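First comes the structure, then the notes that go with it.
The values are calculated or read from the model by the stated rules, or taken from the named source; none is laboratory data. In this text, all values refer to a predicted model and were calculated from it rather than measured experimentally. We place every Cβ from the backbone using ideal geometry, glycine too, and count neighbours over all the protein chains shown. When the accessible area is computed, the model is the full protein with side chains, heavy atoms only, and any ligands, DNA or RNA have been set aside. Shrake-Rupley method; radii C 1.70, N 1.55, O 1.52, S 1.80 Å.
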Amino acid sequence: MILPFEITGSKQAIIFIGIQASGKSTFYSEMLASHGYCCINLDTLHTRNKENQLLDRCVNEGKSFVVDNTNPEITDRQRYIPRAKGNGYEVIGIFFQSIVRDCIARNENRRNAVPIHAIPATQNKLQLPSYSEGFDKLFFVRITYNGFEITDWKE
């Protein structure tokens, strides 16, 4: 799978958007981890304080990072975008197709499954991303039988 954006030596902040079990962490593992992106994920960090500390470290070191959270609302994404832009990062948004029934089915096979009611609750809060939020690039990802299909975002 070839990414639709260039992985460069310059600073990139990639913000994932999608409900639980929509493929975000798998996408990170398969597509970005080997390129040295730092992964910022509340599921593993557990607190906003630890998340902020890791984000500080990435920004201070000029290291590219991925925010692997659901980020369903504009306000969630604004936690990262202005800070990244203010520090010279290219900000890329990746929206994961969020079909509730498919995500619930995938969730049942996860080692760390979330409570089933959390998936539609997040879907209900989901706000589509827009370039007006400060993204430099936006993409749409859906899971296929062969992995992932990535296309340009259409506003």
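Among the residues of segment 89-111, the ones that are of a type outside the set (A, V, I, L, M, F, W, C) and touching a helix residue (DSSP H, G or I) at 6+ places or on another chain (Cβ under 7 Å) come to 2 in all.
For F140, indicate whether it is assigned to a strand (DSSP E or B) and of a type outside the set (D, E). Yes.
Taking the criterion of being assigned to a helix (DSSP H, G or I) and closer than 23 Å to V100 by Cβ, would at least one residue in segment 33-53 satisfy it?
Applying the first criterion (assigned to a helix (DSSP H, G or I)) to segment 33-53 yields 33-35, 42-45, 48-53.
Right, trim to closer than 23 Å to V100 by Cβ and you get 42-43.
Yes; the residues of segment 33-53 include at least one that is assigned to a helix (DSSP H, G or I) and closer than 23 Å to V100 by Cβ.
Entry remark, segment 114-128: residues being under 23 Å from T151 (Cα atoms), open to solvent by less than 40 Å² (accessible area, probe 1.4 Å) and in contact with a helix residue (DSSP H, G or I) (Cβ under 6 Å, 6 or more places away or on another chain) number 0 in total.
Residues of segment 9-26 being of a type outside the set (S, T, N, Q), open to solvent by 50 Å² or more (accessible area, probe 1.4 Å) and modelled with pLDDT of 90 or more, which ones? Talk me through it step by step, then tell me what you get.
First, the residues of segment 9-26 that are of a type outside the set (S, T, N, Q): 9, 11, 13-19, 21, 23-24.
Cutting the leftovers down to open to solvent by 50 Å² or more (accessible area, probe 1.4 Å) gives us 9, 11.
Answer for segment 9-26, where residues must be of a type outside the set (S, T, N, Q), open to solvent by 50 Å² or more (accessible area, probe 1.4 Å) and modelled with pLDDT of 90 or more: just K11.
Among residues belonging to segment 73-82 that are touching a residue at least 12 places away in the same chain (Cβ under 8 Å) and open to solvent by less than 40 Å² (accessible area, probe 1.4 Å), point out the one that is farthest from R48 (Cα to Cα).
We begin by selecting, within segment 73-82, every residue touching a residue at least 12 places away in the same chain (Cβ under 8 Å); these are 73-74, 77-78, 80-82.
Those left that are additionally open to solvent by less than 40 Å² (accessible area, probe 1.4 Å): 77, 80-81.
On the way: R77: 14, Y80: 12, I81: 16 Å.
Checked segment 73-82; the qualifying residue farthest from R48 (Cα to Cα) is I81.
Please enumerate the residues belonging to segment 78-126 that are among the small types (G, A, S) and closer than 21 Å to I40 by Cα.
Our first condition is that a residue be among the small types (G, A, S); within segment 78-126, this holds for 84, 86, 88, 93, 98, 105, 113, 118, 121.
Hits for segment 78-126 are A84, G86, G88, G93, S98, A113, A118.
Taken across segment 37-51, residues that are within 17 Å of G88 (Cβ to Cβ) and either acidic (D, E) or without any contact (Cβ under 8 Å) to a residue 24 or more places away in the chain (or both) do not occur at all.
The listed residues are K85, K63, and the only one of them that is open to solvent by 60 Å² or more (accessible area, probe 1.4 Å), modelled with pLDDT of 90 or more and either within 24 Å of R142 (Cβ to Cβ) or assigned to a loop (DSSP other than H, G, I, E, B) (or both) turns out to be K63. The listed residues are R111, R57, R101, and the only one of them that is loosely packed, with under 15 Cβ neighbours inside 10 Å and assigned to a loop (DSSP other than H, G, I, E, B) turns out to be R111.
Do we have N49 as out of contact with any strand residue (DSSP E or B) (no Cβ under 6 Å at 6 or more places or on another chain), open to solvent by less than 10 Å² (accessible area, probe 1.4 Å) and either over 21 Å from F139 (Cβ atoms) or not aliphatic (A, V, I, L, M) (or both) here? Steps first, answer last, please.
Numbers: out of contact with any strand residue (DSSP E or B) (no Cβ under 6 Å at 6 or more places or on another chain): yes; open to solvent by less than 10 Å² (accessible area, probe 1.4 Å): no; either over 21 Å from F139 (Cβ atoms) or not aliphatic (A, V, I, L, M) (or both): yes.
No; evaluated as a whole, the condition is false for this residue.
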